[in-house]
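Let me begin by presenting the structure, written as structure tokens, before commenting on it.
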Amino acid sequence: MIPFSKKPHTVDTVLQFLETNIPQYNHKRHCLDFDIVAYFYCYALISLSDYRQEDCQKQLWYAVDDFMERDRNMAMVLLRNMKVLEPIRPFLTPMKEKLEKATES
């Protein structure tokens, strides 16, 4: 079995999904219209990818900045993911620290 991080078509699809499917921040009940679990699962998947790593990191930084600005609750979910994955993906450390700092205030 090929590990996820070596499946280029999967990473391409996930990145495309994240770039085109953005939560509706202005709707308080967006979770009813949007599969938020799948959305954050996609962020976990690209955090583990070795394929298109620069693009994956760019998308992760975009999410960090966007969630901090628009929805702190979503930022907390992303932070939780990063805390779990950081030991095996050290590039997540600066993102995690930025989220921690933002969620403290």
Cβ-Cβ distance below 9 Å, separation of 6 or more or different chains: which pairs start in segment 8-21 with a residue that is under 13 Å from Ala44 (Cβ atoms) and end on one that is of a type in the set (Val, Ile, Thr) and modelled with pLDDT of 80 or more? Val11/Ile46; Val14/Ile46; Leu18/Ile46
In this structure, is Gln59 open to solvent by 30 Å² or more (accessible area, probe 1.4 Å), within 21 Å of Leu15 (Cβ to Cβ) and either touching an Asp or Glu at 6+ places or on another chain (Cβ under 7 Å) or of a type in the set (S, T, N, Q) (or both)? no
Residues of segment 1-37 satisfying the condition of being open to solvent by less than 70 Å² (accessible area, probe 1.4 Å), closer than 19 Å to Asn73 by Cβ, modelled with pLDDT under 80 and in a helix (DSSP H, G or I): His30, Ile36
How do the pairs read when you match residues in segment 46-64 that are hydrophobic (A, V, I, L, M, F, W, C) with residues anywhere that are open to solvent by 10 Å² or more (accessible area, probe 1.4 Å), using Cβ under 7 Å and keeping only pairs 6 or more apart or on different chains? Ile46/Val14; Ile46/Gln59; Leu48/Phe4; Leu48/Ser5; Leu48/Leu85; Leu48/Arg89; Val64/Lys98
For segment 67-105, what are the residues that are open to solvent by 100 Å² or more (accessible area, probe 1.4 Å), farther than 17 Å from Ser49 by Cα and touching a residue at least 12 places away in the same chain (Cβ under 8 Å)? Arg70, Arg72
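The values are calculated or read from the model by the stated rules, or taken from the named source; none is laboratory data. Everything numeric here is computed off the predicted structure, so don't read it as measured data. Note: ideal-geometry Cβ built from the backbone for every residue, glycine included; neighbour counts use all protein chains shown. We work out accessible area using only protein heavy atoms, side chains counted, and drop any ligands, DNA or RNA first. Shrake-Rupley method; radii C 1.70, N 1.55, O 1.52, S 1.80 Å.
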